[in-house]
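> Handing you a structure now.
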Amino acid sequence: MQYKRSSALFSEAQQVIPGGVNSPVRAFKGVGGHPVFINSAKGAYLFDEDGNKLIDYINSWGPMILGHAFDPVVDAITATAKKGTSFGAPTVLETEIAQLAVSMVPNIDKIRFVNSGTEACMSAVRLARGYTSREKIIKFAGCYHGHSDSFLIQAGSGAITLGVPNSPGVTAGTAKDTLLADYNNLEQVKAIFEANKDEISCIIIEPVAGNMGCIPPASGFLEGLRSLCDEHNTLLIFDEVMTGFRLAKGGAQELYGVNADIITFGKVIGGGLPVGAFAAREEIMNYLAPIGPVYQAGTLSGNPLAMAAGITMLNELNEKPEIFSSINIKTKRLHLGMQAALIKHNIPHTINRVGSMISVHFSNDPVVDFASASAASGERFNLFFHGLLEHGIYIAPSAFETWFISDALSNEDIDNTIAAVGEIVAAW
């Protein structure tokens with residue numbers, strides 16, 4: 001396939017946009033080459049500036065559960081736009097989607113809308129600190145909660161070390177309050193609590209990790225975190241920006257039967273428009289301004305276009321729960337087909353899957369945390385990525401990202417993908 005126009009467009013973009021992209025992973029640095037510039041999308045497919053049709057396994061990093069340009073969502077956005085695109089004042093749409101979300105998600109009474117997952121996670125941690133009057137947080141290596149300073153921390157040399165910034169511009173003062181643990185390592189979390197008695201405000205975690213590939217929680221891990229938080233009067237935050245309304249109507253809380261204290265959302269809740277949200281029980285949410293002392297605000301929060309898109313998307317998922325079974329079955333079909341192709345050609349691999357999230361790691365060892373994800377072959381993943389792209393199949397341009405399946409995918413699309421995987425690895 002030809003990508004000459006995309007190459008030219010990337011060169012042009014680099015003159016006026018840092019790195020030529022507005023989010024770093026899009027630059028293809030993890031896999032080499034240049035990004036594909038997209039012109040349009042419909043259903044399961046992307047159409048790029050070179051005229052190629054691509055089967056899409058990114059789906060705007062998750063929200064397009066029902067496929068791109070889903071007609072009811074487009075109609076809702078169009079009708080709302082004709083009334084005005086932003087008011088900076090309350091609308092009925094905000095209440096409507098809040099009522100809908102609260103009815104679908106376990107263990108929440110109130111929700112506040114923001115403009116991105118980063119903003120939702122940042123606000124959730126601020127709320128947890130204000131509610132508990134404590135400053136420290138625990139996060140997990142490899143879990144991404146946006147680019148707020150508190151989250152851009154890498155692990156130190158030991159299990160109970162203070163965080164170290166891994167981006168210039170993040171101060172040591174901010175980093176010292178972020179404590180790092182390894183995903184799926186409950187004993188390490190226990191040790192961190194013991195070393196920081198009565199100082200930890202919250203644990204924030206992706207209940208299913210999606211930023212080191214798809215990594216499910218080990219049996220008992222989420223339950224153990226819940227118990228530790230109860231024991232130490234610490235809040236448990238589930239970052240469900242990826243998993244919320246995707247793994248089940250009630251997200252990972254429903255899927256695993258574990259209640260968090262604060263939940264953050266993004267992606268799906270806006271039907272593909274820029275939206276985030278955070279939610280909790282009433283006594284926690286009432287700590288927010290204007291009725292509580294914890295300040296949080298946003299001029300474009302509750303934007304009517306985003307609210308209209310979100311209402312339409314959530315209504316579809318709420319009224320048609322069979323969608324979740326359908327996309328899970330399609331993801332399983334993809335999983336088993338790729339697995340068979342990789343086994344046939346003796347390619348070391350591990351495939352992780354939870355619901356409609358899936359990732360391929362070129363390692364025979366289980367991938368359970370950031371270290372094991374990092375140990376997989378990046379060279380083979382890069383060959384895999386570009387091989388799929390040449391076959392008209394678009395996956396995330398990083399070995400550390402989950403794939404997201406949409407219900408718009410046909411069995412033929414999936415079988416074509418499996419066949420392409422077989423052809424690619426047969427040549428290795």
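> Give the residue, chosen from G337, G298, G310, that is part of a loop (DSSP other than H, G, I, E, B) and either surrounded by fewer than 22 Cβ atoms within 10 Å (Cβ to Cβ) or not charged (D, E, K, R) (or both).
When all the criteria are applied, what remains is G298.
> Which of the residues spanning region 224-240 are among the hydrophobic types (A, V, I, L, M, F, W, C) and part of a helix (DSSP H, G or I)?
Residues satisfying the conditions are L225, L228, C229.
> To continue, here is another question. The conditions are (1) closer than 30 Å to E412 by Cβ; (2) modelled with pLDDT under 95; (3) touching a helix residue (DSSP H, G or I) at 6+ places or on another chain (Cβ under 9 Å); (4) open to solvent by less than 50 Å² (accessible area, probe 1.4 Å), and A27 fails exactly one of them. Which is it?
Just one mismatch for A27, condition (1).
> Could you list, in sequence order, the residues of region 188-199 that are open to solvent by 60 Å² or more (accessible area, probe 1.4 Å), part of a helix (DSSP H, G or I) and either in contact (Cβ under 8 Å) with a residue 24 or more places away in the chain or of a type in the set (S, T, N, Q) (or both)?
K190, the sole residue that qualifies.
> I'd like the full set of residues that are open to solvent by 10 Å² or more (accessible area, probe 1.4 Å), in contact with a strand residue (DSSP E or B) (Cβ under 7 Å, 6 or more places away or on another chain) and either without any contact (Cβ under 8 Å) to a residue 12 or more places away in the chain or in a strand (DSSP E or B) (or both), limited to region 347-362.
T350, I351, N352
> Filter region 200-234 down to the residues that are open to solvent by 10 Å² or more (accessible area, probe 1.4 Å) and either among the charged types (D, E, K, R) or in contact with a strand residue (DSSP E or B) (Cβ under 7 Å, 6 or more places away or on another chain) (or both), then identify the one that is nearest to N315 (Cα to Cα).
P216
> Among (1) modelled with pLDDT of 95 or more; (2) part of a helix (DSSP H, G or I), there is one condition S374 misses while meeting the rest; what is its number?
Among (1) modelled with pLDDT of 95 or more; (2) part of a helix (DSSP H, G or I), S374 violates only (1).
> Report yes if some residue within region 59-70 is over 28 Å from L383 (Cα atoms), in a loop (DSSP other than H, G, I, E, B) and out of contact with any strand residue (DSSP E or B) (no Cβ under 7 Å at 6 or more places or on another chain); otherwise report no.
The answer is yes, given that some residue of region 59-70 is over 28 Å from L383 (Cα atoms), in a loop (DSSP other than H, G, I, E, B) and out of contact with any strand residue (DSSP E or B) (no Cβ under 7 Å at 6 or more places or on another chain).
> Let me ask something else about it. So is I263 touching a Phe, Trp or Tyr at 6+ places or on another chain (Cβ under 8 Å) and either buried (at least 24 other Cβ atoms within 10 Å of the Cβ) or within 17 Å of Y144 (Cβ to Cβ) (or both) or not?
Criteria met by I263.
> Taking region 379-414 as the region of interest, how many residues are more than 22 Å from S23 (Cβ to Cβ) and not in a helix (DSSP H, G or I)?
Number of matching residues: 6.
Each row is one residue, and each column tells you yes or no for (1) at pLDDT below 95; (2) open to solvent by 40 Å² or more (accessible area, probe 1.4 Å); (3) touching a Leu at 6+ places or on another chain (Cβ under 8 Å).
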residue	(1), (2), (3)
K42	no, yes, no
Y45	no, yes, yes
L54	no, no, yes
T80	no, no, yes
K83	no, yes, no
F87	no, yes, no
D109	no, yes, no
A120	no, no, no
R126	no, yes, no
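> Across region 318-334, what is the total count of residues that are hydrophobic (A, V, I, L, M, F, W, C) and crowded, with 20+ Cβ neighbours inside 10 Å?
Total meeting the criteria: 3.
> Where residues in region 134-150 are open to solvent by 60 Å² or more (accessible area, probe 1.4 Å) and in contact with a Ser or Thr (Cβ under 8 Å, 6 or more places away or on another chain), which of them is modelled with the highest pLDDT?
E135
> Have a look at A252, A195, A218 and point out the one that is among the hydrophobic types (A, V, I, L, M, F, W, C) and closer than 30 Å to A308 by Cβ.
Within the list A252, A195, A218, the selection yields A252.
> Now a separate question. Sort out which residues of region 399-419 are surrounded by fewer than 19 Cβ atoms within 10 Å (Cβ to Cβ) and hydroxyl-bearing (S, T, Y), and write them in order of number.
Across region 399-419, the qualifying residue is only S410.
> Every residue in region 363-391 that is open to solvent by less than 30 Å² (accessible area, probe 1.4 Å), without any contact (Cβ under 8 Å) to a residue 24 or more places away in the chain and over 16 Å from G210 (Cα atoms), please.
Once the filter is applied, which keeps residues that are open to solvent by less than 30 Å² (accessible area, probe 1.4 Å), without any contact (Cβ under 8 Å) to a residue 24 or more places away in the chain and over 16 Å from G210 (Cα atoms), region 363-391 yields only S363.
> Also: Which count do you get for residues in region 170-187 that are open to solvent by 40 Å² or more (accessible area, probe 1.4 Å), polar (S, T, N, Q) and assigned to a strand (DSSP E or B)?
Summing the residues that are open to solvent by 40 Å² or more (accessible area, probe 1.4 Å), polar (S, T, N, Q) and assigned to a strand (DSSP E or B) in region 170-187 gives 0.
> Is it the case, given these coordinates, that M64 is touching a Gly at 6+ places or on another chain (Cβ under 7 Å) and within 24 Å of L222 (Cα to Cα)?
no
> Among the numbered criteria (1) part of a loop (DSSP other than H, G, I, E, B); (2) in contact (Cβ under 8 Å) with a residue 12 or more places away in the chain, which one does I291 miss?
With respect to (1) part of a loop (DSSP other than H, G, I, E, B); (2) in contact (Cβ under 8 Å) with a residue 12 or more places away in the chain, I291 is out only on (2).
> Sticking with this structure for a sec: Is there a residue in region 82-99 that is closer than 28 Å to Y144 by Cα and under 22 Å from the mean Cα position of the chain (by Cα)?
yes
> Any chance region 241-248 includes a residue that's modelled with pLDDT of 95 or more, in a helix (DSSP H, G or I) and out of contact with any strand residue (DSSP E or B) (no Cβ under 8 Å at 6 or more places or on another chain)?
Scanning region 241-248 turns up no residue that is modelled with pLDDT of 95 or more, in a helix (DSSP H, G or I) and out of contact with any strand residue (DSSP E or B) (no Cβ under 8 Å at 6 or more places or on another chain).
The values are calculated or read from the model by the stated rules, or taken from the named source; none is laboratory data. Being a predicted model, the structure only gives us computed values, none of them experimental. As a convention, Cβ positions derive from the backbone with ideal geometry for all residues, glycine included, and neighbour counts pool all protein chains shown. The area values use the complete protein model at the heavy-atom level, side chains included, leaving out ligands, DNA and RNA. Shrake-Rupley method; radii C 1.70, N 1.55, O 1.52, S 1.80 Å.
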